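These notes concern the structure reproduced below.
The values are calculated or read from the model by the stated rules, or taken from the named source; none is laboratory data. Given the structure is predicted, the values throughout are model-derived calculations rather than measurements. Please note: Cβ atoms are built from the backbone with ideal geometry, for glycine as well, and neighbour counts cover all protein chains shown.
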Amino acid sequence: MVGITSYGGYIPRLRLNRGAIVQEMAWYFPVIMAVAQGEKAVANWDEDALSMAVEAAWDCMAGRDRKAIDGVYLASTTMPFADRLNAGILATALNTGEQGMMNADFASCLKASTTALISAFDAIKAGDMDNILVAASDQRRTKMATMYEMFLGDGAAAVLAGKEDVIAEFKGSYSVGCDFIDHYRGYDKAFNYGWEERWVRDEGYGKIIPEAINAFLERSAMKIQDFDKVIYPCYFAGTHRAIAKKLGIDPSKVPDNMHAVCGDTGTAHPMVMFLSALEQAKPGEKILVASFGQGCDVLYFETTEKIRDFRPATGISGSLANRRGLDSYPKYAKFRDLIVADLGIRGEANPNTSLTVLWRNRKMILGFVGNKCKQCSTPQFPPLPVCVNPDCGAENDFEEYEFADKSGEVLMFTGDMLSASVDPPAIYGLIGFDEGGRALLDFADCALGDVKVGMKVRMSFRKKITDSVRGFTGYFWKAVPLVKGGE
Amino acid sequence: MAKGIKDKVAVIGMGCTRFGERWNDGPEVLMQEAFSEAIADAGIDKARIDAAWLGSCFDEVNIGKSALPASIALRLPNISVTRVENFCASGTEAFRGAVYAVASGASDIALAIGVEKLKDIGYGGLPEFSTAMGSLVSMYFPNMTAPGGFAMLATGYAAKYGIDISEVKRAMAHVSVKSHANGVLNPKAHLRKAVTEEKVLNAPSIAYPVGLFDCCGVSDGAACAIVTTPQIAASLGKKDAVRVKALQLSLSNGMEFQYNDWDMAHFITASRASTAAYEEAGIKNPRQEIDMMEVHDCFSITELVTMEDLHISERGQAPRDIMDGFYDRDGGLPCQVDGGLKCFGHPIGASGLRMLYEMYLQLLGRAEKRQLKDPKIGLTHNLGGFPMMNVCSVAIIGKSGV
């Protein structure tokens with residue numbers, strides 16, 4: 001049996017109330033008021049599609065053997081690198097190892113996530129690979145006061161495809177490929193260029209999705225009524241309903257498009273919606289998942305008995321619940337670099353990143369891998385050749401030690417107004433890990449008033465260096481204080 | 001233990017510029033200004049100097065690399081000149097080089113000069129240094145500044161002793177109030193204005209919980225020392241020249257930020273360097289035997305914690321001693337008698353030598369309005385880096401025969 005053996009999700013903590021967009025920008029384009037319900041998930045200033053994919057992937061792999069992964073597939077239309085395997089960065093951040101890994105990026109289209117999933121299942125069926133991690137993520141910049149700004153949110157999802165302990169069996173798929181351009185983004189352009197909404201709704205989503213689903217049903221000799229859930233993204237609420245009606249499905253079997261809670265997360269969205277449904281699913285449910293983007297992939301899953309005992313570490317609902325309102329539209333605009341604020345001369349320093357240094361230290365920087373002394377068992381970061389324990393001093397006698405999934409507490413901290421930061425004050429401090437070891441880290445997703453000495457933290461993969469001159473993004477891990485109550 | 005440096009070297013001349021925003025003076029002007037004072041003080045021809053050490057830190061935005069800028073600015077007679085850099089201990093390192101050269105017999109008369117030109121960068125505070133940490137460290141080190149690095153110490157200290165941060169803040173405020181009061185008396189200080197505790201506490205935040213007046217100034221300046229053997233000093237008519245009593249340096253080995261042992265409330269290095277310095281100088285009870293100090297008050301919290309690491313205040317008791325006025329000008333052990341980094345600012349390469357300059361003036365009874373009553377032993381201290389990884393120097397100088 002081939003199918004999903006684990007999954008995880010990541011919706012960034014910050015949520016922008018659409019009322020705040022309307023309040024600031026409706027003067028410019030009042031039509032946005034029509035879709036101002038709820039809030040959209042917004043990546044923090046130090047997050048991007050890759051960092052969110054890492055979060056979702058770690059969530060998916062929590063407590064699992066990452067060395068058993070044979071390949072990492074990353075699907076996104078907003079990957080940080082046009083030529084450098086983004087999935088390879090994800091794999092390094094997961095510390096999967098390198099030998100025997102076939103990593104791949106699935107790009108340039110919002111249905112890349114479902115295409116990556118089908119490819120993963122096919123590869124496993126073919127027998128050469130046992131476990132493939134598929135992550136999808138998008139963090140799309142939108143122009144101010146546009147419908148895209150209203151509809152689009154940020155988020156990521158990850159699935160482990162395999163054949164042992166399958167919780168949702170992959171039963172088949174059908175795809176349509178057509179060059180329907182509801183929007184596009186040309187080479188080197190920052191924003192999407194969209195066509196008239198009426199056409200996109202009626203001739204795009206409203207036609208291509210139902211036609212693909214019907215073609216799947218016909219080929220597999222099934223009826224739409226056979227399914228417990230039919231899932232497809234469509235940020236036009238009316239069209240989302242109309243598709244259900246056209247297919248003749250009971251609307252209760254069609255999960256909400258999540259507009260009010262996070263917005264359309266792009267390439268991730270078919271998976272985000274699907275995983276939300278899986279979190280509620282019982283054994284034996286038949287689920288149809290469709291995507292949209294230059295065609296449509298239709299995937300058929302059936303949940304197994306194993307789903308009864310499966311709980312994602314955080315999942316979509318868990319990360320949706322971990323929210324904090326970002327009610328300042330200018331702050332959002334600054335985070336997305338839509339407005340120019342002065343970082344000051346102090347913020348100008350911009351050396352290139354040494355690729356030799358990064359290669360030598362890739363596990364340490366991208367995977368947050370340190371050392372554990374084989375003689376005294378002391379975990380330590382950064383990894384150095386001589387043990388830090390003054391009573392030990394062992395030399396070159398270490399095993400690899402992963403800090404990425406370790407919890408810790410704040411030992412000392414500050415909120416620095418002098419440091420050049422997109423979101424001052426820059427909060428950072430010394431972390432003591434519960435199982436030993438320390439690290440001096442930037443903090444993320446917190447306000448200065450939240451932080452106290454002794455507060456628990458978790459690690460999060462974030463953007464560390466944004467080198468706009470050379471187009472390089474550097475990543476490292478930050479500490480996220482676990483502020484009680486989600487707020 | 002090694003025999004140490006005590007009384008082997010005499011200081012025969014010192015010089016120090018006015019510190020401040022010297023917009024119209026380059027580092028060559030500052031070096032010459034300090035040097036001309038020192039050479040006149042020593043009463044020798046510069047041809048008698050046979051080796052020199054230059055301390056400077058931010059070479060990229062300052063004088064540049066190598067010791068050539070000093071050799072050229074001072075037109076030194078083609079002697080050996082060595083540039084040293086060790087964060088905030090750079091000035092004291094230059095002094096150490098010159099003193100050791102004399103003590104070894106390799107040099108008869110040596111010069112130590114420190115200079116820093118910080119006000120040519122276009123923004124406040126120290127130059128941005130993320131790139132100065134090396135190409136690997138910049139990939140993972142936090143987005144840290146000097147105030148932020150030391151501000152963390154206040155949260156660690158408050159947590160360790162279970163005292164409210166507001167209480168620590170109040171003691172920190174008194175540290176600054178005391179130094180400002182001393183700076184008023186010093187014509188070479190950058191900041192010469194008294195402040196109240198209230199003003200300090202209400203100042204804008206720079207890095208929680210450090211406020212504007214918890215930070216030292218940022219200035220340009222230079223200072224220098226000419227050292228020789230006691231015998232040569234005597235031949236120059238300086239039989240009672242100030243003597244070097246101890247010079248110690250201690251560096252972190254990574255334990256503080258890597259090993260779950262450090263308490264986030266003290267400087268391992270300062271504690272070790274001061275203990276070694278007392279032993280070298282033959283000091284048994286520093287609280288009693290030291291007459292005055294210039295410590296590295298880059299931030300008020302640094303000075304507060306340092307009082308414990310110099311073994312003057314008991315652990316956890318520095319706030320009490322500070323609030324009792326023990327470190328005030330009229331207290332038991334006056335600290336920052338010239339106004340400190342607080343009022344002089346911190347042109348890094350110069351600071352250690354500027355501190356020694358004040359001790360030197362005090363020992364010779366030349367400190368004018370600031371003169372303390374018959375001091376015999378003075379201590380200086382520098383701390384460069386961050387609380388969790390730093391370079392610490394401790395120097396003790398005093399009268400001959402003490």
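Considering the range B:125-136, and only residues there that are more than 7 Å from chain A (Cβ to nearest Cβ) and surrounded by 15 or more Cβ atoms within 10 Å (Cβ to Cβ), the residue that is nearest to the chain's Cα centre (by Cα) turns out to be B:Leu126. A single member of B:Gly183, B:Gly217, B:Gly149, B:Gly125 is small (Gly, Ala, Ser) and on the phi > 0 side of the Ramachandran plot, and it is B:Gly125.
Mind listing whichever residues of the range B:1-51 are out of contact with any Gly (no Cβ under 9 Å at 6 or more places or on another chain) and among the β-branched types (Val, Ile, Thr)? Once the filter is applied, which keeps residues that are out of contact with any Gly (no Cβ under 9 Å at 6 or more places or on another chain) and among the β-branched types (Val, Ile, Thr), the range B:1-51 yields B:Ile5, B:Val9, B:Val11, B:Val29, B:Ile49. Only one entry in A:Ala145, A:Ala190, A:Ala120 is hydrophobic (A, V, I, L, M, F, W, C) and either within 29 Å of A:Gln280 (Cα to Cα) or assigned to a strand (DSSP E or B) (or both), namely A:Ala120.
Report whether or not B:Phe95 is modelled with pLDDT of 95 or more, on the phi > 0 side of the Ramachandran plot, touching a strand residue (DSSP E or B) at 6+ places or on another chain (Cβ under 9 Å) and away from chain A (no Cβ under 11 Å). The answer is no for B:Phe95. Selection of the range A:322-347 for residues being touching a residue at least 60 places away in the same chain (Cβ under 8 Å) and within 14 Å of chain B (Cβ to nearest Cβ) yields A:Leu343, A:Gly344, A:Arg346, A:Gly347.
Looking at the structure I just gave you, is B:Ile44 of a type in the set (Val, Ile, Thr), assigned to a loop (DSSP other than H, G, I, E, B), touching a Pro at 6+ places or on another chain (Cβ under 7 Å) and in contact (Cβ under 8 Å) with a residue 12 or more places away in the chain? The answer is no for B:Ile44.
Screening the candidates A:Ala439, A:Ala420 for the property of being in contact with a helix residue (DSSP H, G or I) (Cβ under 9 Å, 6 or more places away or on another chain) and not in a strand (DSSP E or B) yields one hit, A:Ala420. I'd like the residue in the range B:158-207 that is β-branched (Val, Ile, Thr) and assigned to a helix (DSSP H, G or I) and, out of all such residues, is nearest to the chain's Cα centre (by Cα). Within the range B:158-207, the match that is nearest to the chain's Cα centre (by Cα) is B:Val175. Restricting attention to the range B:318-371, the residues that are under 16 Å from B:Val184 (Cβ atoms), part of a loop (DSSP other than H, G, I, E, B) and not hydrophobic (A, V, I, L, M, F, W, C) total 9. Counting only helices (runs of 4 or more DSSP H) that sit wholly inside the range A:303-390, not one has at least 3 residues that are at pLDDT below 95.
It is to be established whether one or more residues within the range A:404-413 are basic (Lys, Arg), surrounded by 18 or more Cβ atoms within 10 Å (Cβ to Cβ) and within 8 Å of another protein chain (Cβ to nearest Cβ). No: zero hits. Inclusion of A:Asp59 among residues that are surrounded by fewer than 23 Cβ atoms within 10 Å (Cβ to Cβ) and over 30 Å from A:Ala26 (Cβ atoms) is not warranted. Within the range A:434-463, being at the interface with chain B (Cβ under 7 Å from one of its Cβ atoms) and basic (Lys, Arg) holds for one residue alone: A:Arg438.
Yes or no, residue by residue, for (1) crowded, with 17+ Cβ neighbours inside 10 Å; (2) hydroxyl-bearing (Ser, Thr, Tyr); (3) in contact with an Asp or Glu (Cβ under 9 Å, 6 or more places away or on another chain):
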| residue | (1), (2), (3) |
| --- | --- |
| A:Asp250 | no, no, no |
| A:Leu275 | yes, no, no |
| A:Asp297 | yes, no, no |
| A:Thr314 | yes, yes, yes |
| A:Ser317 | no, yes, yes |
| A:Lys331 | yes, no, yes |
| A:Ala341 | no, no, no |
| A:Asn352 | no, no, yes |
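Can we say B:Ala146 is of a type outside the set (Lys, Arg), within 11 Å of chain A (Cβ to nearest Cβ), within 19 Å of the chain's Cα centre (by Cα) and farther than 25 Å from B:Val81 by Cα? So B:Ala146 fits the description; yes. The criterion of at least 3 residues that are more than 19 Å from the chain's Cα centre (by Cα) is met by the following helices (runs of 4 or more DSSP H) wholly inside the range B:235-292: B:255-258, B:286-289. When A:Glu400, A:Glu395 are checked against the criterion of being more than 10 Å from every other protein chain (Cβ to nearest Cβ), in contact with a Pro (Cβ under 7 Å, 6 or more places away or on another chain) and more than 30 Å from B:Pro204 (Cβ to Cβ), a single residue qualifies: A:Glu395. I'm trying to understand the selection: among the residues of the range B:372-390, which are in contact with a strand residue (DSSP E or B) (Cβ under 7 Å, 6 or more places away or on another chain), part of a loop (DSSP other than H, G, I, E, B) and within 14 Å of chain A (Cβ to nearest Cβ)? Hit for the range B:372-390 is B:Met388, nothing else.
Among A:Gln99, A:Gln37, A:Gln23, which is surrounded by fewer than 24 Cβ atoms within 10 Å (Cβ to Cβ) and without any contact (Cβ under 8 Å) to a residue 24 or more places away in the chain? Answer to the selection: A:Gln99.
Yes or no, residue by residue, for (1) within 14 Å of another protein chain (Cβ to nearest Cβ); (2) surrounded by 24 or more Cβ atoms within 10 Å (Cβ to Cβ); (3) in contact with a Lys or Arg (Cβ under 9 Å, 6 or more places away or on another chain):
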{"position": "B:His311", "(1), (2), (3)": "no, no, yes"}
{"position": "B:Asp321", "(1), (2), (3)": "no, no, no"}
{"position": "B:Asp324", "(1), (2), (3)": "no, no, no"}
{"position": "B:Gly339", "(1), (2), (3)": "no, yes, yes"}
{"position": "B:Cys392", "(1), (2), (3)": "no, yes, yes"}
{"position": "B:Ile396", "(1), (2), (3)": "no, yes, yes"}
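Taking first residues from the range B:203-224 that are touching a residue at least 24 places away in the same chain (Cβ under 8 Å) and closer than 21 Å to B:Trp23 by Cβ and partners that are acidic (Asp, Glu) and surrounded by 24 or more Cβ atoms within 10 Å (Cβ to Cβ), the Cβ contacts under 9 Å between residues at least 6 apart in sequence or on separate chains come to B:Cys216/B:Asp297; B:Ser219/B:Glu116; B:Asp220/B:Glu116; B:Gly221/B:Glu116; B:Ala222/B:Glu116. Residue check: is B:Leu153 buried (at least 23 other Cβ atoms within 10 Å of the Cβ) and within 12 Å of chain A (Cβ to nearest Cβ)? Here the answer is yes, as B:Leu153 does meet what is asked.
When each of A:Ala112, A:Ala93 is tested for being closer than 27 Å to A:Val422 by Cβ, in contact with a helix residue (DSSP H, G or I) (Cβ under 8 Å, 6 or more places away or on another chain) and either surrounded by fewer than 24 Cβ atoms within 10 Å (Cβ to Cβ) or small (Gly, Ala, Ser) (or both), the lone residue that passes is A:Ala93.
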